[in-house]
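See below for the structure under consideration.
The values are calculated or read from the model by the stated rules, or taken from the named source; none is laboratory data. Model, not experiment: these values are computed from the prediction. Here the Cβ is made from the backbone with ideal geometry for all residues, glycine too, and neighbour counts use every protein chain on show. What goes into the accessible areas is simple: the full protein's heavy atoms, side chains included, and nothing from ligands, DNA or RNA. Shrake-Rupley method; radii C 1.70, N 1.55, O 1.52, S 1.80 Å.
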Amino acid sequence: MSLHLWIIPLLCFTGFAANLLGGRRWSDRVAGAVGVAFVAAAFGYACWVAAQWSAIPHPYLETHGLWLQAGALSVPFGFQLDQLSLVMLLIVTGVGLLIHIYSLGYMHGEGGFYRFFALLNVFMFFMLTLVLANNYLLMFIGWEGVGFASYMLIGFYFHKDSASRAGMKAFIVNRIGDFGFLIGLFLIFTYFHTFTFTQLFPQVEKLGVEAGWTGPLTLIALLLFVGATGKSAQIPLYVWLPDAMEGPTPVSALIHAATMVTAGVYMVSRSAAIFDRAPDALSVVLAIGALTALWAASIGLLQRDIKKVLAYSTISQLGYMFMACGAAMYGAGVFHLMTHAFFKGLLFLGAGSVIHALHGEQDMWAIRRGSPGGLRKYAPVTFITFLIATCAISGIPFFSGYYSKDLILYDVLTGAHGSVLWWAVGTVAALMTSFYMFRALFVTFFDGGSHADTAAHAPGPHAGHGEPHLPHESPKLMTVPLMILGFLALTGGYIGIGDRFGHFLDPVFATGVPALASHPIAGGELTVSAISVGMALLGLFTAWLFYIKSPALPEKLGRSFHGLYTLIFNKYWIDELYGAAITRPLAAFSRTVLWRGVDVGLIDGAVNGVATLAQDAGEGLRRQASGNIRSYATWVVLGATAILVYFYFGGARV
């Protein structure tokens with residue numbers, strides 16, 4: 001049977017085209033309905049495809065002719081459905097549909113309503129192309145497409161300079177990562193002469209495990225990972241994602257929590273056959289993931305903007321996913337990718353509901369001041385769902401994140417490619433995660449006193465803007481998606497009990513590399529889980545102590561450790577360091593050498609010189625065309641004389 005997988009991304013593209021061409025003439029109700037309807041149809045079709053799973057071959061392949069033919073290069077336009085792409089397909093369409101519905105309420109009354117839904121739809125089109133592609137080149141088209149859509153959505157409020165700069169920053173940083181990805185693709189074709197997964201991976205599986213850093217598979221894996229660090233915001237290319245919060249909150253939920261930023265994790269997992277044969281590359285993936293998890297979590301400890309807290313949390317959680325991939329436990333990474341889509345999508349939508357309730361306020365201390373008695377009284381649905389998501393991301397038992405994060409930490413500690421060092425780093429990051437997430441919960445929803453954590457902090461982005469308006473609960477268009485995601489954030493981890501989820505994905509990650517001996521520990525997974533839960537509860541208790549029980553404590557600690565506090569509060573001055581070491585020197589070089597030297601001096605000089613020469617020649621010719629018969633006769637005589645002289649001496653030489 002034929003599933004016609006192409007219909008799924010095409011439905012989203014149709015919604016984009018409809019709003020792009022007709023949305024300006026439609027009411028917001030019609031434009032929103034069109035945007036949601038086509039994504040709902042894509043989700044419905046994806047569910048039908050999932051229902052056919054037992055009746056189709058695995059992997060299921062569709063090819064719709066050649067897309068590109070050039071010499072030895074032959075790239076089909078085709079899609080592939082296997083266990084990994086099926087999971088991604090359901091996550092992208094399911095969570096994407098909930099965010100589209102939520103956006104109907106959140107974006108109500110905003111200018112450019114139809115444009116917003118058109119961009120959401122085209123993002124979905126490219127993301128679905130990325131996860132369904134049966135070859136790296138078509139995947140790269142989707143990869144670049146989501147980058148373009150992200151740039152447009154981050155800068156949606158284009159009248160704000162900060163939004164325009166954030167969109168440009170995301171675009172440029174991602175291009176740096178994409179350069180590495182492209183070089184990796186060139187090497188793949190150089191060595192294997194194909195981009196198609198079903199032709200490439202069997203060739204790779206015939207090769208042995210490489211030793212050292214110079215083998216072709218190691219180089220390819222490292223270059224692919226460079227692309228992943230850009231798209232999935234890992235050290236050193238993470239700096240674009242916090243600024244991307246300038247976009248509307250549904251954009252943050254869709255692109256920077258549930259889908260686009262996980263594209264790097266998906267690509268590395270899809271490339272498991274390559275990475276399994278490049279253990280040195282795996283060690284880099286593990287180290288970068290662990291360091292990113294810790295680094296971003298430490299910055300999240302002191303952020304005041306609720307969306308910035310969640311942004312650094314996203315970077316940190318992506319680090320956990322790469323830790324799993326670096327330990328060659330790709331199933332655990334994809335499992336956390338799924339649960340993260342539930343609880344982080346919920347956290348961002350919950351933050352959007354808070355911002356909606358406070359009429360645009362994002363500073364958590366301003367929200368606390370503007371909600372007498374605590375925001376939880378005014379927005380109970382938002383509070384309960386935000387609490388569920390906070391418990392999930394913190395690793396509280398029986399919530400979804402508990403199952404996926406603990407599995408990663410256990411695999412990193414006991415797996416053949418893991419280590420005690422990176423497990424310890426991940427465990428400390430888990431403690432930080434619990435602290436800053438419960439800090440956000442307590443400050444945003446509880447009344448802990450207006451003096452808490454203010455003196456030691458620099459003024460927030462909304463300082464001096466006055467108190468917010470009386471808060472309120474969001475409309476049902478926003479709260480119903482919150483409740484559905486809340487249910488998934490609570491129960492979504494149960495699918496991993498007994499490693500059922502991992503067993504489902506095993507065929508994709510059976511790459512032919514012999515399994516290495518693991519390093520079991522006393523007590524097994526229960527011991528690791530007990531330590532992880534202890535960290536989560538410690539973070540919860542410390543946040544309660546600081547922001548509910550003794551809200552003056554953070555101020556005292558801030559004064560006692562002023563230097564460290566200032567360093568972390570200013571995000572280690574990484575943006576300033578990049579600006580001083582990279583951005584400004586490049587701008588100065590471009591301005592002085594490329595613009596003034598090459599453009600103005602060389603190119604403009606040459607063009608202007610030619611123009612001046614032509615002008616002078618034209619001026620001379622103009623003078624010759626004087627209309628004077630004697631002048632014309634003189635020139636005729638001189639010309640004839642010159643011709644005769646030429647032929648005379650030329651003939652004499654011949």
### Message
Can you confirm whether residue 214 is among the polar types (S, T, N, Q), open to solvent by 60 Å² or more (accessible area, probe 1.4 Å) and outside any helix (DSSP H, G or I)?
### Response
yes
### Task
Would you check if there is a residue in segment 243-259 being farther than 20 Å from residue 539 by Cα, modelled with pLDDT of 95 or more and part of a helix (DSSP H, G or I)?
no
### Query
When both residues are 6+ apart or on different chains and their Cβ atoms are under 7 Å apart, which pairs have a first residue that lies in segment 250-263 and is at negative phi, and a second that is hydroxyl-bearing (Ser, Thr, Tyr) and assigned to a helix (DSSP H, G or I)?
250/102; 250/103; 250/106; 255/150; 256/314; 257/314; 260/150; 261/314
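Table: residues versus (1) open to solvent by 20 Å² or more (accessible area, probe 1.4 Å); (2) over 23 Å from residue 333 (Cβ atoms); (3) of a type outside the set (A, V, I, L, M, F, W, C).
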site: 49; (1), (2), (3): no, yes, no
site: 52; (1), (2), (3): yes, yes, yes
site: 61; (1), (2), (3): yes, yes, no
site: 65; (1), (2), (3): yes, yes, yes
site: 105; (1), (2), (3): no, yes, yes
site: 121; (1), (2), (3): no, yes, yes
site: 126; (1), (2), (3): yes, no, no
#### Entry: Hey, residue 65 of a type outside the set (Val, Ile, Thr), at positive phi and not in a helix (DSSP H, G or I) or not
yes
### Task
Under 8 Å between Cβ atoms, at least 6 apart or on separate chains: pull out the pairs that start in segment 293-314 with a residue that is surrounded by fewer than 24 Cβ atoms within 10 Å (Cβ to Cβ) and end on any residue that is of a type in the set (D, E, K, R) and part of a helix (DSSP H, G or I).
301/439
### Query
Just a yes or no: is a residue in segment 315-325 in contact with a Ser or Thr (Cβ under 7 Å, 6 or more places away or on another chain) and either surrounded by fewer than 24 Cβ atoms within 10 Å (Cβ to Cβ) or closer than 16 Å to residue 173 by Cα (or both)?
yes
### Task
Those residues that are under 23 Å from the mean Cα position of the chain (by Cα), modelled with pLDDT under 95 and of a type in the set (A, V, I, L, M, F, W, C), I need them from segment 352-407; list them, please.
355
### Message
From the list 198, 190, exactly one residue is part of a helix (DSSP H, G or I), open to solvent by 50 Å² or more (accessible area, probe 1.4 Å) and touching a strand residue (DSSP E or B) at 6+ places or on another chain (Cβ under 8 Å). Which is it?
### Response
198
### Query
Considering only helices (runs of 4 or more DSSP H) fully contained in segment 528-600, which possess at least 3 residues that are of a type in the set (Lys, Arg)?
none
### Query
How many of the residues making up segment 232-254 are farther than 27 Å from residue 113 by Cα and buried (at least 24 other Cβ atoms within 10 Å of the Cβ)?
4
### Query
When only residues in segment 356-397 that are open to solvent by less than 30 Å² (accessible area, probe 1.4 Å) and of a type in the set (S, T, N, Q) count, which is nearest to residue 409 (Cα to Cα)?
394
### Query
Name the residues in segment 255-292 that are open to solvent by 10 Å² or more (accessible area, probe 1.4 Å) and not charged (D, E, K, R), would you?
279, 283, 284, 287, 288, 291
### Task
List every residue pair whose Cβ atoms lie under 6 Å apart, where the two residues are 6 or more positions apart in sequence or sit on different chains, the first residue falls within segment 126-147 and is outside any helix (DSSP H, G or I), and the second residue, located anywhere, is among the aromatic types (Phe, Trp, Tyr).
134/79; 134/197; 135/195
